[in-house]
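What follows is one structure encoded as structure tokens, with my remarks underneath.
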């Protein structure tokens, strides 16, 4: 006789991480790039308003959107940048706004590499190799020198130390979606012939050095996680077998949580617009891979983000051991207290509208993904302004506002890159 598992009981269970930190439950507010920094890339009160809502939203963990480690290379307008402690007071208020609600908060750290946004970056993009991404409007980058690689490793460590000083509970390294860490891992983006390229051992050297530098800089109780691609979903790119091997190496580097994602902004699997119908019905886009990589991860907990909508599917994924934490991204933009809704208030599901203009497919494909991200970003801006999210907001209104704010460049289907 099979005993039915109560999803609320499963999801409400605490999780103790290797660093000693205890997550109060298994729901994670996944990273959503807010674009709410100041013109000088400092945090401001809009982030405090937004994270006050999320901090009190009933999540076991709250992740920030991507924080850049180099102000000369920005992923999108409005990114916060940490290079030193000049913004320590504002960062402290940001961390406190979430922690006061009862949720631990980790800062997602990122460098865009060749995906630097021309609207926000004055310098020529840098990358492991001088290979342009297949994204219209993005120029070919310059190949990084050994000195620059070492410098960026140290930038990650410096940003993590400042985050800890500000009261954040941990950091997550963004190693997915075609940004710099995943560029080093991908053989299609990294064609170096030195110790940073070629074999997988060389290509994973960068991410391992970043993890080690952060661990050396911060205290033992400070959490260090990573968001990693299962695959790039591109010909000649980073695949699942190599991803499993990277996970094996990360598992012995004192990592506290590995979040599984996939795709790049050239092939955006993380948006779920091209997944198989059977996968869509199961809700989680990357759960099959999480199951396969479980042995490679050892005792390191796995988080899966992307596609989860019903409490029953979330509970089943955790109860089965396929993952330990369920990430909620876009639903948290529309329902900031989704954690409470699912665990306390009896909601069976959370929603995230499918955003599109209803245009013919050949026009919709390049536009709808970008508009979906922009529409959800608009929800974050509403909350940051002190208003409520607007699930009925017109997608055409988002399109007009996007053009006003960012020009045609915004429709390259690559903004809000922490998702």
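Just so it is clear, none of the values below were taken in a lab; they were calculated from the coordinates. Here the structure is a predicted model, which means the values were calculated and not measured. A quick note on method: Cβ atoms are made from the backbone with ideal geometry, for glycine too, and the neighbour counts reach across all protein chains shown.
Computed extension length for residue 154-residue 320: 55.9 nm, one decimal, from 0.36 nm per residue of separation with the Cα-Cα distance subtracted.
Judged by the mean number of other Cβ atoms found within 10 Å, the most tightly packed of the peptides 72-80, 395-403 leads the ranking 72-80, 395-403. Extension gain, residue 348-residue 140: 0.36 nm per intervening residue step, less the Cα-Cα distance, totals 70.2 nm. Sorting 206, 308 from the fewest to the most surrounding beta carbons within 10 angstrom yields 206, 308.
Applying 0.36 nm per residue to the separation of residue 244 and residue 4 and subtracting their alpha-carbon distance, the gain on full extension is 83.2 nm. Packing, as the average of other Cβ atoms within 10 Å across residues, places the peptides 186-199, 93-106, 325-338 in the order 325-338, 93-106, 186-199, highest first. Among beta bridges from DSSP that stay inside the stretch 7-355, the antiparallel ones total about 10%.
Explain nothing, just the number: relative contact order of the stretch 172-227, from Cα pairs under 8 Å at least 6 residues apart, as a whole percent.
On the way: 52 pairs, mean separation 22.2, N = 56.
Across the stretch 172-227, relative contact order equals 40 percent.
Here the residues 19, 323, ranked from fewest to most Cβ neighbours within 10 Å of their Cβ, fall in the order 19, 323.
Sequence gap at least 6, Cα distance under 8 Å: using those rules, report the relative contact order of the stretch 7-355 to the nearest whole percent.
Once normalised by length, the contact order is 17 percent.
Among 372-385, 54-67, sorting by the average number of other beta carbon atoms lying within 10 angstrom of each residue, highest first, gives 54-67, 372-385. Only DSSP H runs of four or more residues enter the estimate; each adds -39500 (n - 2.57), and after division by the residues of the chain the mean residue ellipticity at 222 nm equals -11000 deg cm²/dmol.
Nearest 0.05, what FRET efficiency do residue 388 and residue 212 give at R0 = 45 Å with Cβ-Cβ as r? Efficiency computed from Cβ-Cβ geometry: 0.55.
Taken along the Cα-to-beta-carbon direction at a fixed 7 Å, the label points for residue 403 and residue 295 span 5.4 nm.
Within the set (i) 27.7; (ii) 26.2; (iii) 18.7, the number that mean projected area of the Cα convex hull in nm² takes when calculated for this structure is listed as (iii).
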